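Here's the structure we're looking at; comments come further down.
The values are calculated or read from the model by the stated rules, or taken from the named source; none is laboratory data. In this text the structure is predicted, and so the values were computed from the model without any measurement. Cβ: placed from backbone, ideal geometry, glycine included. Neighbour counts: every protein chain shown.
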Amino acid sequence: MKNISKLLSLTIFLLMTVSANAGSSQIGILVFEGFLTSDVTAPIEVFGAATKKSWFSSYEVVVISATKNKVVSSEEGLKIIADKTIYDQLELDVLLVPSAYDMGDVLDDKQLIEFIRKQGGSASWMASNCSGAFLLAEAGILDGKNATTWAGGEKGLAKAYPKINVQYNQNVVVDDKVITSNGGSVSYQAAFELLAKLSSEKFAKEISEAIQFNRLKHAF
C-alpha cells in the first residue's frame with residue numbers, strides 16, 4: 001500500500017508539473033490592419049505545430065492586435081481574431097512583427113512602438129518578416145545589429161535607420177537574439193530558424209517534415 005501511495009503521489013506531482021509548465025512561454029505574433037498574410041500564417045503554422053509536441057509544449061502562440069479591436073483583416077482579405085491586444089499585460093518570450101504594403105500608420109503609432117520597445121527589453125527573441133523590420137528599427141531593437149527586410153527594401157532601411165548594419169541578398173539574418181527576414185514565403189524559413197534556436201535543429205526538421213515544408217526543394 002505504501003508503494004502504491006508513493007506512486008500515486010509521484011504521478012500527481014508529475015501531472016501538476018506538466019500542467020504548470022504548459023504554455024508557460026508565449027510566442028506573440030503581432031497583427032494590424034493590412035498585414036501581409038504569409039508573414040503571420042507561416043509562423044503560426046510552424047510554431048502551432050511545434051506546440052503539439054512534448055518537447056515544445058511549454059510554449060503557446062498568442063496573436064496580438066495592435067489596436068483594441070481584436071478582429072483584424074490582412075491585405076489579402078483574411079480576417080483573424082487576436083487573442084490579446086497590445087493594451088493587455090503581456091510578458092512574451094518571443095515577439096514577431098509582420099509587414100504591410102503601407103507601413104506609415106503603424107510606424108507613426110507611438111503606443112505600438114512603445115509596446116515593441118518594452119517587449120524588446122524583456123523577451124528572449126525578437127523577430128520580423130519583410131518590412132516589419134522597420135517597426136523593430138523604429139523601436140531601437142535593431143540598432144548596431146545586422147538585419148534585413150524585404151528584398152529590394154534594404155537601401156530604404158539603411159537610409160532611414162543608419163545605426164543598422166543592413167544585409168543585402170540574404171533571406172534570413174540572425175544577430176544577438178534578433179531574427180529578420182525577407183517575408184513572404186521566406187517567413188517559413190525564418191520561423192524554422194527561430195524554432196531551431198528555441199529547441200534544436202533536429203526538432204525544427206521534425207516540424208518541417210510534418211508540414212511537408214521540406215518537400216518544397218523538389219517543387220521547381
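Points to keep in mind about this one:
- Residue pairs whose Cβ atoms lie under 7 Å apart, sitting 6 or more positions apart in sequence or on different chains, and linking a residue in the stretch 29-52 that is closer than 16 Å to Ala196 by Cα to a partner that is among the polar types (S, T, N, Q) and buried (at least 18 other Cβ atoms within 10 Å of the Cβ), are Ala42/Ser187; Pro43/Ser187.
- Selection from the stretch 146-160 of residues that are closer than 24 Å to Ser124 by Cβ and surrounded by fewer than 19 Cβ atoms within 10 Å (Cβ to Cβ): Asn146
- Only one of the numbered conditions (1) over 27 Å from Ser73 (Cβ atoms); (2) touching a Pro at 6+ places or on another chain (Cβ under 9 Å) is not met by Lys145, and that is (2).
- Lys202 meets all of the listed conditions (1) part of a helix (DSSP H, G or I); (2) surrounded by 21 or more Cβ atoms within 10 Å (Cβ to Cβ) but one, namely (2).
- Tabulated pairs, the stretch 134-158, first closer than 16 Å to Asp175 by Cα, second in a helix (DSSP H, G or I) and among the β-branched types (Val, Ile, Thr), C-beta under 6 angstrom, 6+ apart or interchain: none
Okay, residues lined up against (1) surrounded by fewer than 20 Cβ atoms within 10 Å (Cβ to Cβ); (2) outside any strand (DSSP E or B); (3) in contact with a Cys (Cβ under 8 Å, 6 or more places away or on another chain):
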| position | (1), (2), (3) |
| --- | --- |
| Lys68 | yes, yes, no |
| Ile80 | yes, no, no |
| Tyr87 | yes, yes, no |
| Leu96 | no, no, no |
| Asp102 | yes, yes, no |
| Asp105 | yes, yes, no |
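- Criterion applied to Val178, Val166 was being modelled with pLDDT of 95 or more, under 22 Å from Phe56 (Cβ atoms) and β-branched (Val, Ile, Thr), and the one residue passing it is Val178.
- Of the residues Leu30, Leu92, the single one that is in a loop (DSSP other than H, G, I, E, B), within 11 Å of the chain's Cα centre (by Cα) and either β-branched (Val, Ile, Thr) or within 21 Å of Ile116 (Cβ to Cβ) (or both) is Leu92.
One line per residue, one yes/no per condition, for (1) surrounded by 14 or more Cβ atoms within 10 Å (Cβ to Cβ); (2) at pLDDT below 95; (3) among the polar types (S, T, N, Q); (4) more than 22 Å from Leu107 (Cα to Cα):
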{"position": "Leu10", "(1), (2), (3), (4)": "no, yes, no, yes"}
{"position": "Leu36", "(1), (2), (3), (4)": "yes, no, no, no"}
{"position": "Glu60", "(1), (2), (3), (4)": "yes, no, no, yes"}
{"position": "Ser65", "(1), (2), (3), (4)": "yes, no, yes, no"}
{"position": "Gly77", "(1), (2), (3), (4)": "no, no, no, no"}
